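Asker: Got a structure for you, questions after.
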Amino acid sequence: MLVLLLLILPVLFVPILLLFSEKQSKNIALVAALTEMCVGFFAFYQYQINPTCACFNWNTIWIQNLNANFHLQLNGINSVLVLLTTLIVPFIIQSTFERDIKNIKAYLSLMLMMQTALVGVFLAQDALLFYIFWELALIPIYLICLVFGGENRQKITFKFFVYTLFGSLFMLLAIIYVWIHTENRSFDIHSFYKAGALLTAKEQLFVFIAFYLAFAIKIPIFPLHTWQPDTYVNAPTQGTMLLSGIMLKMGTYALIIWLIPVVPLGWQQASKYVIILSVISVVYGSLMALTQHNFKRMLAYSSIGHVGLIAAGIFTMNLQGVQGAMYQMLSHGINVVALFFVCDIITNRMKTDEMHKLGGIRNVSRVFSVLFLIILLGSVALPLTNGFVGEFLLLHGLFQYNTVVVVFAGLTVILGALYMLRAYQLIMHGDTNALTESFGVITVNEKILLACFAGLIIFFGLFPNLILDGSENQIKQIIDHVHEVTAMVVKK
Amino acid sequence: MKELLLLSGLGIFALLAEMINARKIIFPAVIAGLCLNIFFCLNDIMAGNNENIFNMLLLDKIPLVFTLLLSVLAIFWFVMAKNYFKDETNLSDHFALVLFSMVGVFLLTSYTHMSMLFLGVEILSIPVYVLAGSDKRNTYSNEAAFKYFLLGAFASGFLLLGITFVYGGTGSFNTLQIASSSVLGAGVSKQLLTIGLLLILFAMAFKVSAVPFHFWTPDVYTGAPTVVTAYMSTIVKLGALAGFYRLFSIVLVFDATTFTTTLIIISVLTIVVGNVIAASQSNTKRLLAFSSIGHAGFVLLANTMLSPSTPYVVWYYLTAYTLSSMAAFWVLIKLDNHDISAFNGLVKRNPLLAGTMTIALLSMAGIPPMAGFFAKYFVLLNTIQNKSVLIAVIAILASLIGVYYYFKIIIAIFSGKEINSAKIELSWLDKIGLVLISILIILLGVLPDACYNLLFR
């Protein structure tokens with residue numbers, strides 16, 4: 001029951017929200033998101049105490065002919081992502097406060113619908129249901145970007161949509177292909193694991209590629225990233241937050257659950273290449289970030305670098321790599337949303353996010369500069385911040401895989417510090433110019449939000465075990481399954 | 001039998017209503033009649049009746065299910081076209097023509113005798129030739145009627161010739177006898193049979209506007225009055241594709257190799273050409289015409305990939321497509337003109353129209369949770385199960401092109417600069433119809449096997 005509540009709660013608030021006035025609707029949306037957050041926390045906490053509780057499982061028949069079930073289940077891995085989603089959305093909704101947005105009701109309703117779809121993606125244990133939620137998440141975010149985006153939004157959002165849909169259609173093909181090979185024609189994730197392992201090596205490789213296309217586009221991984229910078233820059237702030245904070249985690253989560261364990265042999269054959277591609281995204285994203293003049297665009301490229309590292313860690317399929325990826329998914333979600341909020345504060349006041357036009361904001365608003373620095377250091381992965389734990393584990397995992405790879409992947413730490421501190425220098429340091437003098441102080445609402453972000457960054461930097469302990473068992477199971485299947489083939 | 005009598009009776013009543021001064025009650029009477037027809041169909045389906053009418057028609061489950069769909073669509077269509085009928089002087093003729101052509105659809109869904117196939121095609125087409133030209137003072141409408149009639153008559157010739165050849169080959173008009181005698185092979189001329197069936201295939205391909213027999217479609221769809229175009233792209237298409245299914249589901253069983261290859265080539269071409277050309281259109285009516293060609297291709301593909309689920313797949317695809325298409329045309333009728341720019345900023349002018357159009361287009365593009373997604377999904381499933389992964393990939397890529405042009409309209413609706421910012425007023429009947437049709441599209445998509453459990457089991 002609890003999982004069903006988690007899924008539908010945000011959408012239940014949509015009709016209520018539409019009844020209220022424009023001004024009130026923001027509060028209603030915040031109440032919705034906070035209620036969902038409480039349920040999310042409760043579920044996460046309950047799961048740590050009693051993971052076998054029946055309330056974490058919801059299974060009803062959905063399409064009898066296809067043997068598809070409406071099967072939601074909270075487990076070690078997706079509880080972290082559900083926690084992330086429920087934690088971040090209230091922040092995203094609160095960031096609309098004090099901003100003038102036309103049609104705010106539609107905007108907030110779309111966000112709440114998006115939340116339902118995202119929670120659905122993470123909870124679904126049935127391939128068809130997973131696919132439906134995967135696509136369902138695309139429609140609200142597309143409308144958010146299309147209706148509320150910046151200049152030239154039609155072309156850019158369209159590119160984004162077609163890109164992602166292109167990938168998902170191949171995923172659909174792969175799902176059907178595995179499904180017709182399952183024993184009793186079932187979409188259940190475990191029968192997928194069984195059926196996938198029995199495919200021949202060549203079939204597994206094709207299925208792997210079809211799935212990989214969908215996930216790599218969503219994440220995005222070089223060379224399928226070309227939709228990302230434009231979309232991030234053009235989308236409204238909250239759209240960017242949703243995209244980078246939560247939506248791309250759909251891709252990395254699916255790598256762990258739906259790709260590698262379904263076709264272990266496909267992973268075995270392709271892992272070398274996909275890890276190299278991921279590491280290329282790390283270096284490419286970081287280098288591109290270093291050359292940007294526009295703050296938001298720089299953040300977009302830095303995101304490519306960070307998620308490239310997550311993907312590389314997952315493809316190593318060892319405990320440290322995947323656990324690091326789990327943790328980094330959570331911390332990247334928090335950090336990137338915080339950074340985009342900082343960017344929103346700056347653009348809202350300065351009407352520009354060109355970094356060389358800014359400078360000296362430190363002299364105007366001290367509180368802002370301190371909080372910005374903490375958030376930024378989280379993203380740079382300084383010890384005691386959440387970014388450090390994730391990146392350390394990821395690099396450790398990669399190190400076990402290959403030493404050469406880790407040298408290149410490790411560049412992310414150095415380059416990350418370089419472009420982030422350069423941005424900080426350009427925006428905050430230096431002499432205050434005519435433009436930045438008008439920056440003023442930041443409002444209470446913004447202060448609270450930034451302080452919460454900074455608090456979360458340090459909190460998760462200090463207590464990583466809260467998250468890592470929960471996911472460890474299930475990740476071990478998946479890794480064991482993968483290695484078992486690949487070992488069996490070697491014996492043959 | 002009662003469904004047939006009811007439909008023709010309604011047609012005759014509409015024709016005579018003008019004489020007995022009952023013009024006002026035609027509309028309510030027709031709607032009531034169609035509701036009664038839905039009830040008859042449901043009743044027969046539940047009772048599991050297999051009525052055989054003089055060895056000409058066989059009302060087993062599949063024709064009844066198609067007739068049910070026909071009646072539902074017809075109700076929507078009459079509500080949508082209510083204003084169109086208002087300004088017309090010869091009201092009862094129009095009602096009668098539409099109802100008679102529905103009788104043709106009914107025959108096409110249920111025939112077992114070749115002469116009924118021919119009669120069905122003719123009864124379906126001739127009223128539509130007239131309706132296509134019903135905007136008398138518009139040259140394009142006249143052109144549409146003329147083109148449609150000439151080419152249609154030509155296709156009917158092929159059909160008749162084909163039926164003759166088949167009769168010459170097997171000595172029978174009965175589809176089941178043709179099938180069984182050709183399997184046994186005694187006293188059957190294979191060559192005559194194959195030529196005959198190929199000719200019938202071409203004629204039917206013309207009716208469903210499959211490539212390369214599709215050239216009439218865009219001009220006729222654009223020229224005809226928009227309500228008639230809506231009629232052609234939903235109910236006429238339903239009739240033609242149901243007739244196609246009726247014949248070739250039997251034919252394919254006994255001569256799989258020749259016809260499967262031909263049909264696969266035709267359906268893949270239809271999917272690809274329909275979608276590719278639609279992508280370059282700027283007139284919405286034309287765009288929908290080409291996209292309807294693409295959808296017909298998907299139904300043909302479903303026809304080709306025979307499996308126990310084929311009837312349901314064909315029916316579900318047709319339901320999803322016709323409902324979405326009806327909704328799209330409904331919105332189109334309310335707009336000033338048929339250029340895509342007419343959709344600009346529609347969301348501000350009337351949110352209900354914008355919402356319905358978006359749902360309809362998302363459904364046609366095959367995005368979950370709309371009905372169109374599962375329609376495509378079922379077809380692809382059967383295709384992959386028949387080991388034709390390559391064809392599935394082609395179909396997927398073609399439907400991706402579909403996303404391109406459907407989204408052109410969606411983008412215009414939500415972010416285009418409106419040319420005319422006047423609000424659009426809707427009558428309450430329109431509102432109910434639009435909401436109902438949207439709910440149906442979503443409901444079918446969320447519970448794709450509800451209809452199966454209800455009707456096909």
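The values are calculated or read from the model by the stated rules, or taken from the named source; none is laboratory data. Just so it is clear, the model here is predicted, and its values are computed rather than measured. Cβ sites come from the backbone with ideal geometry, for glycine too, and all protein chains shown count toward neighbours.
Asker: With respect to the numbered conditions (1) within 14 Å of A:GLY455 (Cα to Cα); (2) under 24 Å from the mean Cα position of the chain (by Cα), which one is the sole condition not fulfilled by A:HIS396?
Answerer: So the condition that A:HIS396 fails would be (1).
Asker: Of the numbered conditions (1) out of contact with any strand residue (DSSP E or B) (no Cβ under 8 Å at 6 or more places or on another chain); (2) without any contact (Cβ under 8 Å) to a residue 40 or more places away in the chain; (3) not hydroxyl-bearing (Ser, Thr, Tyr), A:PHE166 satisfies every one except a single condition; which is it?
Answerer: Against the list (1) out of contact with any strand residue (DSSP E or B) (no Cβ under 8 Å at 6 or more places or on another chain); (2) without any contact (Cβ under 8 Å) to a residue 40 or more places away in the chain; (3) not hydroxyl-bearing (Ser, Thr, Tyr), A:PHE166 comes up short only on (2).
Asker: Ok, one more. Based on this model, can you work out whether A:PHE133 counts as outside any strand (DSSP E or B) and either within 12 Å of another protein chain (Cβ to nearest Cβ) or modelled with pLDDT under 90 (or both)? Step through it out loud before you land on a result.
Answerer: Numbers: outside any strand (DSSP E or B): yes; either within 12 Å of another protein chain (Cβ to nearest Cβ) or modelled with pLDDT under 90 (or both): yes.
Answer is yes for this residue.
Asker: If I go through region A:343-370 residue by residue, how many of them are at positive phi and surrounded by fewer than 16 Cβ atoms within 10 Å (Cβ to Cβ)? Walk me through how you get there before you give the answer.
Answerer: Taking region A:343-370 as the starting set, the residues that turn out to be at positive phi are A:351, A:359-360.
Imposing the further condition that a residue be surrounded by fewer than 16 Cβ atoms within 10 Å (Cβ to Cβ) reduces the set to A:351.
So the count comes out to 1.
Yes or no, residue by residue, for (1) under 21 Å from the mean Cα position of the chain (by Cα); (2) facing chain B (nearest Cβ under 10 Å):
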position	(1), (2)
A:MET111	yes, no
A:MET114	yes, no
A:GLU151	no, no
A:LYS159	yes, no
A:PHE166	yes, yes
A:LEU172	no, yes
A:ILE176	no, yes
A:GLU183	no, no
A:PHE192	no, no
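Asker: Another question, then. Pairs needed: first member in region B:350-361, under 13 Å from B:VAL435 (Cβ atoms); second member anywhere, of a type in the set (Ser, Thr, Tyr); C-beta distance under 7 Å; at least 6 residues apart or different chains.
Answerer: Here the result reads B:GLY355/B:SER438; B:THR356/B:SER438; B:ILE359/B:SER438; B:ALA360/B:SER324, each pair linking region B:350-361 to a residue that is of a type in the set (Ser, Thr, Tyr).
Asker: Right, next: Between a first residue in region B:435-457 that is without any contact (Cβ under 8 Å) to a residue 12 or more places away in the chain and within 12 Å of another protein chain (Cβ to nearest Cβ) and a second residue that is in a helix (DSSP H, G or I) and not small (Gly, Ala, Ser), which pairs have beta carbons less than 8 Å apart while being 6 or more apart in sequence or on different chains?
Answerer: Final answer for the pair search is B:ALA450/B:LEU443; B:ALA450/B:LEU444.
Asker: Could you list all residues from region B:99-117 that are in contact with a strand residue (DSSP E or B) (Cβ under 9 Å, 6 or more places away or on another chain) and of a type in the set (A, V, I, L, M, F, W, C)?
Answerer: Listed by number, the residues that qualify are B:PHE106, B:LEU107, B:MET114, B:MET116, B:LEU117.
Asker: Which residues, taken from region A:136-149, are outside any helix (DSSP H, G or I) and either more than 9 Å from chain B (Cβ to nearest Cβ) or within 17 Å of the chain's Cα centre (by Cα) (or both)?
Answerer: Residues of region A:136-149 outside any helix (DSSP H, G or I): A:137, A:149.
Listed by number, the list holds a single entry, A:ALA137.
Asker: Could you list, in sequence order, all residues of region A:241-287 that are of a type in the set (A, V, I, L, M, F, W, C), surrounded by fewer than 21 Cβ atoms within 10 Å (Cβ to Cβ) and more than 20 Å from the chain's Cα centre (by Cα)?
Answerer: Listed by number, the residues that qualify are A:ALA270, A:ILE276, A:LEU287.
Asker: At pLDDT 90 or above, part of a helix (DSSP H, G or I) and farther than 23 Å from B:TYR321 by Cβ: does that describe B:ILE178?
Answerer: Numbers: at pLDDT 90 or above: no; part of a helix (DSSP H, G or I): yes; farther than 23 Å from B:TYR321 by Cβ: yes.
When the stated conditions are applied, B:ILE178 does not pass them.
Asker: Of the residues that make up region B:375-392, is at least one modelled with pLDDT of 90 or more, crowded, with 16+ Cβ neighbours inside 10 Å, within 24 Å of B:SER341 (Cβ to Cβ) and more than 10 Å from chain A (Cβ to nearest Cβ)?
Answerer: No, because not a single residue in region B:375-392 is modelled with pLDDT of 90 or more, crowded, with 16+ Cβ neighbours inside 10 Å, within 24 Å of B:SER341 (Cβ to Cβ) and more than 10 Å from chain A (Cβ to nearest Cβ).
Asker: Additional query: When you look at A:ILE144, is it closer than 18 Å to A:LEU248 by Cβ and buried (at least 23 other Cβ atoms within 10 Å of the Cβ), yes or no?
Answerer: Details: closer than 18 Å to A:LEU248 by Cβ: yes; buried (at least 23 other Cβ atoms within 10 Å of the Cβ): yes.
When the stated conditions are applied, A:ILE144 passes them.
Asker: What residue, among those in region B:330-351 that are assigned to a helix (DSSP H, G or I) and within 14 Å of chain A (Cβ to nearest Cβ), is farthest from the chain's Cα centre (by Cα)? Give the steps one after another, and end with the answer.
Answerer: Start the filter on region B:330-351 by keeping residues that are assigned to a helix (DSSP H, G or I), which leaves B:330-333, B:340-343, B:346-349, B:351.
From the residues that got through so far, the ones that are within 14 Å of chain A (Cβ to nearest Cβ) too are B:340-341, B:343, B:346-348, B:351.
Working: B:ILE340: 24, B:SER341: 27, B:PHE343: 25, B:LEU346: 27, B:VAL347: 29, B:LYS348: 32, B:PRO351: 28 Å.
Step by step, filter region B:330-351, then rank; the result is B:LYS348.
Asker: Let me ask you something else. Just to be sure, is B:GLY168 surrounded by fewer than 16 Cβ atoms within 10 Å (Cβ to Cβ), over 22 Å from the mean Cα position of the chain (by Cα) and modelled with pLDDT of 85 or more?
Answerer: Numbers: surrounded by fewer than 16 Cβ atoms within 10 Å (Cβ to Cβ): yes; over 22 Å from the mean Cα position of the chain (by Cα): yes; modelled with pLDDT of 85 or more: yes.
Criteria met by B:GLY168.
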